[in-house]
């Protein structure tokens, strides 16, 4: 990918301050973006702090060189999700519902603070893209320097249409995955929204 299409400037993410995941006293939002087969699936956390900390919780993706019919291990994903509340002060689990509506329903029924975050909505992703970009360039984010998350961010390009600029893959079938980056975008957007409007509760998803 060349510098003209990459979303973040070279070195911008790696140059940010390194910080470990938070302890159980710090409120956090976790972003989730799921897939079924070819794309990857990830969970990324973000603290609700003046300078938020972002860290990769877990990612599942096809092993390099694996040409078999690899599938996301849904049971492993669900196990990881169900441990979140016991490991963190989880105030919101913001999830892209595409292809995972049944699982989201189960998580909400189990008492997890699930909200829907449709990444296909330009009304959400255009301002979220700008907010994340500005925070990176101004040094307003700390992170764990996880190489998988860094790789997914490096794989992002920015595409602009009549609705505005937002991040995407270089093309639909690209092997360069961005799912962990999308999770970071979701988590940061919701964590900063909750920090800025602490009295406003999240719109918890209810499933028919």
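The values are calculated or read from the model by the stated rules, or taken from the named source; none is laboratory data. Predicted, not measured: the structure shown is a model, and the values here were computed from it. Cβ placement follows ideal geometry from the backbone for every residue including glycine, while neighbour counts extend to all protein chains displayed.
Observations on the structure shown:
- Close Cβ contacts (under 8 Å, 6 or more residues apart or on different chains) running from residues in region 117-131 that are under 13 Å from residue 158 (Cβ atoms) to residues that are at pLDDT 95 or above comprise 125/185; 128/185; 128/186; 128/188; 128/189; 129/185.
- Residues that are touching a residue at least 12 places away in the same chain (Cβ under 8 Å), over 13 Å from the mean Cα position of the chain (by Cα), surrounded by fewer than 20 Cβ atoms within 10 Å (Cβ to Cβ) and under 27 Å from residue 130 (Cβ atoms) do occur in region 75-93, at least one of them.
- Residue satisfying condition, being surrounded by fewer than 19 Cβ atoms within 10 Å (Cβ to Cβ) and at pLDDT below 95, within set 124, 166: 124
- Positions within region 115-133 being more than 22 Å from residue 82 (Cβ to Cβ) and either touching a helix residue (DSSP H, G or I) at 6+ places or on another chain (Cβ under 9 Å) or outside any helix (DSSP H, G or I) (or both), in sequence order: 118, 119, 120, 121, 124, 125, 127, 128, 129, 131, 132
Let's see how each residue does on (1) more than 21 Å from residue 33 (Cα to Cα); (2) in contact with a helix residue (DSSP H, G or I) (Cβ under 6 Å, 6 or more places away or on another chain); (3) crowded, with 17+ Cβ neighbours inside 10 Å; (4) modelled with pLDDT under 95:
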{"residue": "139", "(1), (2), (3), (4)": "yes, no, no, no"}
{"residue": "151", "(1), (2), (3), (4)": "no, no, no, no"}
{"residue": "159", "(1), (2), (3), (4)": "no, no, no, yes"}
{"residue": "162", "(1), (2), (3), (4)": "yes, no, no, yes"}
{"residue": "174", "(1), (2), (3), (4)": "no, no, no, yes"}
{"residue": "179", "(1), (2), (3), (4)": "no, no, yes, yes"}
{"residue": "185", "(1), (2), (3), (4)": "no, yes, yes, no"}
{"residue": "188", "(1), (2), (3), (4)": "no, yes, yes, no"}
{"residue": "191", "(1), (2), (3), (4)": "no, no, yes, no"}
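- Residue list for region 134-162, restricted to those being assigned to a strand (DSSP E or B) and either in contact with a strand residue (DSSP E or B) (Cβ under 9 Å, 6 or more places away or on another chain) or closer than 23 Å to residue 175 by Cβ (or both): 142, 143, 157, 158, 159, 160
- Residue list for region 22-40, restricted to those being under 11 Å from the mean Cα position of the chain (by Cα) and closer than 14 Å to residue 184 by Cβ: 29, 30, 31, 32, 33
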